[in-house]
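The values are calculated or read from the model by the stated rules, or taken from the named source; none is laboratory data. Remember, predicted model here, so these are calculated numbers, not experimental data. Glycine also receives a Cβ, built like all others from the backbone with ideal geometry; neighbour counts cover every protein chain displayed. Surface areas here come from the heavy atoms of the whole protein model, side chains and all, with no ligands, DNA or RNA. Shrake-Rupley method; radii C 1.70, N 1.55, O 1.52, S 1.80 Å.
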Amino acid sequence: MPDLLLELRSEEIPARMQRKAAGDLRKMLSDGLVEAGLTYEAAREYWTPRRLALDIRGLTARSKDIREEIKGPATSAPEQAVQGFLRKAGLASIAEAHVHSDPKKGDFYVAHISKPGRAAEEIIAELVPGMIRSFPWPKSMRWGPASARPGSLRWVRPLQSIVCTFGPETEEPVVVDFEIDGIRSGNVTYGHRFHAPGEFTVRRFEDYVSKLEAAKVVLDAERRKEIILADARNLAFANGLDLVEDDGLLEEVSGLVEWPVVLMGEFEQDFLAIPPEVIRLTIRANQKCFVTRPQGAGEDLSNRFILVANIEASDGGKEIAHGNGKVVRARLSDALYFWKTDQGDLPDLGELQASAEKLGLDLKKPLDQRIARLDHLDVTFHAKLGTQGARVERIKRLAEELAPIVGADPALARRAAVLAKADLQTEVVGEFPELQGAMGRKYALLEGEHASVAAAAEEHYKPQGPSDRVPTDPVSVAIALADKLDTLTGFWAIDEKPTGSKDPFALRRAALGVVRILIENRVRLALTSIFAKAFANFAGGASPQSDLLAFFHDRLKVYLRDQGARHDLIDAVITQQSDDLLQMVRRVEALGSLLDTDGGKNLLAGTKRAANILAAEEKKKTLIAETVEPALLREEAEKKLYAAVNQAEKEAGQAIQNEDFSAAMLALSVLREPVDSFFEQVLVNDEDQAVRANRLALLARIRAATDQVADFSKIAG
């Protein structure tokens, strides 16, 4: 079967856009081909800085002939319905329709549609130009004289050539001919911009890849990454160093080069006085280079860095490395200045006394000065939620409430809450916002703060995503919870909640962070109680606690489903009033363990049968006794069930009081046999109304006993 090769060659595509663009290209074209009636065996996309390519294997040479019938209205239908049918079927007049008869419905119109198949080349030539014009680039541009015309082609960077060949392995492929804004498709492409800028013809994918390689272009991005990583490791090792690996930087750098050449640069040893994180980020952000460390040196860095060039220079890359080194030195000089400045006194120190007294700060310490300045300058957190200084005060109050619950020292929690946002006023974080928290920890340790206070400055932002770790130090846990709960209650108080897919303040992430911190640290916290204290910090704000609690229930469901829990078990356990997340998790775990047993499954079946009978009788308004009267129990099976329910209800209730949910489930599991026997041997709807009402009351007792641990009616099965 024929294969399709497509290449769109342009000026350099930003590295961050390449992978998604190649995926969009594959999806758009393959979806279009399938919609047009073609099938294919495999499709794979490729990308370099200057080209997107697509290799589609086993594409059918022609779409199938289509014959279908479109049913229309009755022949007696009004004209408006007939005209709608004609438009839908694509018929010029009703004379082109056929009349079919149905014994029940009478005569009605039917359109017999016949569409002959089309050659794949024709379909491709029609699809690709439209796809190029509607391509979903985040940003695109127009260029050249044609850009003055309305509707002219837009692309991420000027599009220069298009390769589009199609054919089976056994024959010479054809060029699928089309044109878009003066660019005609062909079988000619170009190699590396500097090493092999000349044109060459290609036939199919294997030929295309090998000729590109000869022209100093590595088409496969994953292979470019492998080359860069292997060469960087080897170059570092040869110089007695270890490469500090960085997957994100590796992805970006592989999108900057078509022919990767790994080189080593260096800077002065004096710059190693800067924290490793700052050096690494400076070199990464400004020069897209990797840092190295001496072998076995822990976190300490060396003064050598790895860069990736796009050419093989005649001098072995010495000038390239030297040029990069000059830029790195300039950036590190700035970073060193920021680092030293942050450890000195602020120039406006004399104006910070009032803020220092309000927050209990020691202005001899650099971090205290910076949090005082944050308060003094009235830096806004949110227009409706006040300043960052006011927020620090709120977080401090919440942290004091949370400290004994999570096992933190209240004094350390207060100090950590006050200093947590101080690094927002530092020069390093101003230059590199990604280092907020990390710099707070470094500066706190430098000025002699307790290790837990320093850790909280960094860890209170965590977790920042599902793969990020949660804080475990009790002080960090207290500040992380206080920070996130203040954010959530604040935005709830001003009615700025997430809607649909919009969540500009990352409130879902904050709530999921609270869920993970509580559950993974096994912390018991009554959310409604802490909500009340948090909402009290917002003067005049609403206090929609139940709404916020429901939001947390949704986040808990997301978390548990990601952990593999069944959604029906979660729904069975969570009630509108449930506010202890850890307790809910333990209930779900215990319920899952019970239902994994045959006894649990049978108990579920019996309980649901009891609930269904009750629901049906309640709907019919059948009399149900308020309590079970032992004297009306006639059959041995119902007497045994009554005794078993009394015992199970008592033991399960006691276990729940002790918060031993596994024991509660075990207590309920003994109901399995008496419930089965009851339904086998006893007729619920006895002719005697009193007996019937009493037996229904016994079923209600089964439902009440199981409802103590979960709503069994919500469980599937």
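The condition (being of a type outside the set (D, E, K, R), farther than 20 Å from I13 by Cβ and either without any contact (Cβ under 8 Å) to a residue 12 or more places away in the chain or buried (at least 19 other Cβ atoms within 10 Å of the Cβ) (or both)) is satisfied by just one residue among V253, V244: V244. Here V110 fulfils each of the conditions (1) of a type outside the set (D, E, K, R); (2) open to solvent by less than 30 Å² (accessible area, probe 1.4 Å); (3) closer than 30 Å to F166 by Cα; (4) over 39 Å from the mean Cα position of the chain (by Cα) apart from (3). Filter region 223-239 down to the residues that are charged (D, E, K, R) and open to solvent by 70 Å² or more (accessible area, probe 1.4 Å), then identify the one that is nearest to G198 (Cα to Cα). Filtering first and then ranking leaves R223. Going by what's in this entry, would D207 be described as of a type in the set (D, E) and in contact (Cβ under 8 Å) with a residue 24 or more places away in the chain? So D207 does not fit the description; no.
Here A664 meets each of (1) in a helix (DSSP H, G or I); (2) among the aliphatic types (A, V, I, L, M); (3) open to solvent by 80 Å² or more (accessible area, probe 1.4 Å) with one exception, condition (3). Which condition does A411 not pass, out of (1) farther than 26 Å from T528 by Cα; (2) surrounded by fewer than 17 Cβ atoms within 10 Å (Cβ to Cβ); (3) at pLDDT 95 or above, if it passes all the others? Evaluating A411 over (1) farther than 26 Å from T528 by Cα; (2) surrounded by fewer than 17 Cβ atoms within 10 Å (Cβ to Cβ); (3) at pLDDT 95 or above leaves (1) as the failure.
For every residue, the table says whether it meets (1) closer than 15 Å to I132 by Cβ; (2) open to solvent by 10 Å² or more (accessible area, probe 1.4 Å); (3) of a type in the set (F, W, Y); (4) without any contact (Cβ under 8 Å) to a residue 40 or more places away in the chain.
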{"site": "E7", "(1), (2), (3), (4)": "yes, no, no, no"}
{"site": "E35", "(1), (2), (3), (4)": "no, yes, no, yes"}
{"site": "L54", "(1), (2), (3), (4)": "yes, no, no, no"}
{"site": "G58", "(1), (2), (3), (4)": "no, no, no, no"}
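Scoring E459 on the criteria (1) open to solvent by 10 Å² or more (accessible area, probe 1.4 Å); (2) out of contact with any Ser or Thr (no Cβ under 7 Å at 6 or more places or on another chain) leaves a single failure, condition (2).
Let's see how each residue does on (1) surrounded by fewer than 19 Cβ atoms within 10 Å (Cβ to Cβ); (2) among the β-branched types (V, I, T); (3) not in a helix (DSSP H, G or I):
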{"site": "S578", "(1), (2), (3)": "yes, no, yes"}
{"site": "Q583", "(1), (2), (3)": "yes, no, no"}
{"site": "A590", "(1), (2), (3)": "no, no, no"}
{"site": "G599", "(1), (2), (3)": "yes, no, no"}
{"site": "A611", "(1), (2), (3)": "no, no, no"}
{"site": "A615", "(1), (2), (3)": "yes, no, no"}
{"site": "E618", "(1), (2), (3)": "yes, no, no"}
{"site": "L623", "(1), (2), (3)": "yes, no, yes"}
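For region 540-570, taking the residues that are crowded, with 17+ Cβ neighbours inside 10 Å and either within 23 Å of A667 (Cα to Cα) or of a type in the set (D, E) (or both), the one that is farthest from the chain's Cα centre (by Cα) is identified as L569. Which residue out of R19, R50 is open to solvent by less than 30 Å² (accessible area, probe 1.4 Å) and under 32 Å from the mean Cα position of the chain (by Cα)? Going through R19, R50 in turn, just one is open to solvent by less than 30 Å² (accessible area, probe 1.4 Å) and under 32 Å from the mean Cα position of the chain (by Cα): R50. Pairs meeting the criteria (first residue in region 421-449 and touching a residue at least 24 places away in the same chain (Cβ under 8 Å), second residue open to solvent by 20 Å² or more (accessible area, probe 1.4 Å) and of a type in the set (G, A, S), beta carbons under 8 Å, at least 6 apart or on different chains) are F432/A285. Restricting region 204-222 to residues that are closer than 18 Å to R50 by Cβ and of a type in the set (D, E) leaves a set whose member that is surrounded by the fewest Cβ atoms within 10 Å (Cβ to Cβ) is E222. For region 375-384, the count of residues that are in a helix (DSSP H, G or I), surrounded by 15 or more Cβ atoms within 10 Å (Cβ to Cβ) and out of contact with any strand residue (DSSP E or B) (no Cβ under 9 Å at 6 or more places or on another chain) is at least one.
Taking region 328-371 as the range and being within 37 Å of the chain's Cα centre (by Cα) and open to solvent by 50 Å² or more (accessible area, probe 1.4 Å) as the test, the residues that pass are R331, D334.
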